[in-house]
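Shown next, in structure tokens, is the structure this report addresses.
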Amino acid sequence: FQRLRAGLSRSSSALTEGISSIFTKRKLDASMLEDLEDVLIQADLGVDTAMAITERLASGRYDKEIAPEEVRAILADEVEKVLEPVALPLDLNRGKKPHVVLMVGVNGTGKTTTIGKLSQKLAREGKTVMLAAGDTFRAAAVEQLKIWGSRTGAEVIARATGADAAGLAFDAMKEAKDKNVDVLLIDTAGRLQNKAELMDELEKVIRVIKKHDPEAPHDVILTLDATTGQNALSQVEIFGRVAGVTGLVMTKLDGTARGGILVAIAAKHKLPVHFIGIGEGVEDLEPFKARDFATAIAG
Ligand code: GDP
């Protein structure tokens, strides 16, 4: 929590400063409420949440004196209300083995790193893990996954650069079944420059996975880079359409001023948020907790 708080300090200090400059021990009036709404929207919390917070203030405290601390407490409360329903752990124990997780997301958002961190977590829980280097396009991504595999004791299925991603996914499914592994984590390409190609590739990958197990992939997890702010919203929409995203991981919450976007995404899409990334290290993946996030953001 301390690290999340430190990470989100830039988000929260912008909010804290905004709130402090608006609520200067005067009676609550319409212009203060309007200013607050602007500050909240600028912090990426989304229009709905911003309005809910100002309305709550308006209904209870209009024309009364109000301190910035009270505003922050109400902010934390309202943000928690939005986040609580989506703070859901990743359940890897349903269905038959292997439990298949497809990781999707724009290049650079932290797919490979998150797979490495998850692999470590699962290994520690005593699960056998296999990794599939489905981002066959980028040699660096394959190499990176191999490093994570050797670090966390997971077997890595990889092919030469440029190999067919669907073919690799098919082989990985077979291997995972033959070897009776508990969890198969499949990396994918995230070239957003060519959406038609990306869509086509992800569709094929999902189709061949289903040939082995119609219920798989059991989870399709989208990684979102917190530092990209509003872009994250459109990424949820695109990957939701293409790959049927079932859950989210927000990465790079260490040291960003844009963490508020998670609130807007939760309010709009109501997708489970499983984990947050708070650094580049193998341990820097934490279960998502609504209260911690809300208080870290409210300052
Ligand atoms: P991919 O292209 O989606 O697979 O992204 P990568 O996993 O290769 O990550 C891109 C960069 O972001 C790498 O330099 C990672 O070390 C870094 N990264 C990933 N997650 C986090 C995080 O939670 N915090 C920070 N600070 N960096 C991260």
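The values are calculated or read from the model by the stated rules, or taken from the named source; none is laboratory data. Keep in mind the model is a prediction, meaning the values are calculated, not measured. A quick note on method: Cβ atoms are made from the backbone with ideal geometry, for glycine too, and the neighbour counts reach across all protein chains shown. In case anyone asks, the SASA skips ligands and DNA or RNA and just uses the protein heavy atoms, side chains included. Shrake-Rupley method; radii C 1.70, N 1.55, O 1.52, S 1.80 Å.
Add -39500 (n - 2.57) for each DSSP H run of 4 or more in the chain, then divide by its residues: what number comes out at 222 nm, to the nearest 500 deg cm²/dmol?
-16500 deg cm²/dmol
With a 1.4 Å probe and every protein chain left in place, tell me how much accessible area Val208 has, in Å² to the nearest 10.
Estimated to the nearest 10 Å², Val208 gives 20 Å².
Quick check on the stretch 98-248: what are the equivalent-ellipsoid semi-axes from the Cα gyration tensor, as sqrt(5λ), descending, whole Å?
Working through the eigenvalues yields semi-axes of 22, 17, 15 Å.
Check each of the GluC sites (Glu not before Pro) in the stretch 110-184 and keep only those in coil by DSSP with at most 12 other C-beta atoms within 10 angstrom; list them in order.
When the GluC sites (Glu not before Pro) of the stretch 110-184 are filtered for loop state and at most 12 Cβ neighbours within 10 Å, Glu125 remain.
Per residue, what accessible area does the chain have, given a 1.4 Å probe and all protein chains present, in Å²?
For the chain, the per-residue accessible area is 43 Å².
Place a label point 7 angstrom from the Cα of Lys96 along the Cα-to-Cβ direction, then list the residues of the stretch 173-214 whose backbone nitrogen is under 12 Å away.
Inside the label zone: 177-178, 212-214.
Ranked highest first by the average count of other Cβ atoms within 10 Å around their residues, in what order do 221-227, 102-108, 287-293 fall?
Ranked by mean Cβ neighbours within 10 Å, highest first: 221-227, 102-108, 287-293.
Where the Cα atoms of the stretch 139-195 are projected onto their three principal axes, how long is each span, largest first, in whole Å?
37, 24, 18
Take the alpha-carbon positions of the chain, form their convex hull, and give its projected area averaged over all directions (one quarter of the hull surface) in nm².
15.0
Can you grab the distance from the C-alpha centre of the stretch 67-101 to the C-alpha centre of the stretch 103-132, Å, no decimals?
Comparing the Cα centres of the stretch 67-101 and the stretch 103-132, I get a distance of 20 Å.
Using only Cα atoms, locate the centre of the stretch 239-289 and the centre of the stretch 1-37, then give the distance between them in Å, rounded to an integer.
23
Using a 1.4 angstrom probe on heavy atoms only, work out the carbon and sulfur share of the accessible area of the stretch 7-117 in %.
51
Just the number, please: percent antiparallel of the DSSP beta bridges in the chain, rounded to the nearest 5.
That works out to approximately 15 percent antiparallel.
Pull up the cross-link candidates among the lysines for Lys96, meaning alpha carbon to alpha carbon under 19 Å and not fewer than 8 places away within one chain.
Hits, sequence-local ones excluded: Lys127, Lys174, Lys177, Lys179, Lys210, Lys211.
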